[in-house]
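Worksheet: the structure to be examined is printed underneath.
The values are calculated or read from the model by the stated rules, or taken from the named source; none is laboratory data. Worth saying up front: this structure is predicted, and the values here are computed from it rather than measured. Virtual Cβ from ideal backbone geometry, glycine too; neighbours counted across all protein chains shown.
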Amino acid sequence: MRSSITRSPKAIVFAAVMLGGGVTPLSAQKAADSALQRQGGQLEQRVRERIAAVVQNRLQLTDDQMRRLRDVNAKYEGQRRKLVTDERDARIVLRAELQRGKQGDQTRISDAVDRMFKTQRARIDLAEQEQRDLSSFMTASQRAGYLALQEQIRRRVDEMRQRRLGGGRGMGARRGPLGPEKDTTKIVTPKVTVKP
């Protein structure tokens, strides 16, 4: 069984810096944080590359289609992240107020619900814009398959986030209006065949 130090990159970096001698805890913390950021960036890059390979393989996209898909993704990435952040913030406020019971601020609850619906409408508008862009170089079947893959990835990310935050939900959990709920559906991603 490995010790907790070997499982934590931050602990490894911290220990290595502290053993170097003459190092203040603050500089050790900064070094550890910097190492974690580099490691996180590398991990994110590897995940992106793996997802791109799966998308290209399952949808049978050409290299040119993949390049154009990356361009479309980059075009909408900032907006997509903002929507995720906005919805998460609304859920946090809503959950906090509902946990207060009768003392919950009704105005804040109403505002949070309105923000959640506004965010969901904005997400649909963004998906429609993205689909119009994708239609210029992908078939309808490829676009449908891509939508299914996106949803699958979103669910897996939500599941991992819930486990990391102590939700303990396994595969098959999805986020409902106020948090995870059991998902009884299964998405099947079609293998798309493109005829030349």
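Give segment 115-160 a look and list any residue that's over 16 Å from Glu87 (Cβ atoms), exposed (fewer than 13 other Cβ atoms within 10 Å of the Cβ) and basic (Lys, Arg), or say none. Correct list: Arg132, Arg156. Here Phe137, Phe117 are screened, and the one residue that is of a type in the set (A, V, I, L, M, F, W, C), out of contact with any Leu (no Cβ under 6 Å at 6 or more places or on another chain) and either within 30 Å of Gln60 (Cβ to Cβ) or touching a residue at least 24 places away in the same chain (Cβ under 8 Å) (or both) is Phe137.
Return yes when Ala122 is at pLDDT 95 or above, part of a helix (DSSP H, G or I) and either among the aliphatic types (A, V, I, L, M) or within 28 Å of Leu165 (Cα to Cα) (or both) and no when it is not. Yes, satisfied.
Taking Arg132 as the residue in question, decide whether it is at negative phi, in a helix (DSSP H, G or I) and modelled with pLDDT of 95 or more. So Arg132 fits the description; yes.
Yes/no matrix, rows are residues, columns are (1) closer than 22 Å to Arg48 by Cα; (2) touching a residue at least 40 places away in the same chain (Cβ under 8 Å); (3) among the small types (Gly, Ala, Ser); (4) not in a helix (DSSP H, G or I):
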site: Arg67; (1), (2), (3), (4): yes, no, no, no
site: Asn73; (1), (2), (3), (4): yes, no, no, no
site: Val84; (1), (2), (3), (4): yes, no, no, no
site: Arg88; (1), (2), (3), (4): no, no, no, no
site: Arg91; (1), (2), (3), (4): no, yes, no, no
site: Leu94; (1), (2), (3), (4): no, yes, no, no
site: Glu97; (1), (2), (3), (4): no, no, no, no
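Rundown of residues vs (1) of a type in the set (Lys, Arg); (2) in contact with a His (Cβ under 6 Å, 6 or more places away or on another chain); (3) closer than 21 Å to Arg155 by Cβ, yes/no style:
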position: Val84; (1), (2), (3): no, no, yes
position: Glu87; (1), (2), (3): no, no, yes
position: Arg91; (1), (2), (3): yes, no, yes
position: Glu97; (1), (2), (3): no, no, no
position: Asp114; (1), (2), (3): no, no, no
position: Ala127; (1), (2), (3): no, no, yes
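Being modelled with pLDDT under 75 and under 25 Å from Glu44 (Cβ atoms) is a description that does not apply to Arg161.
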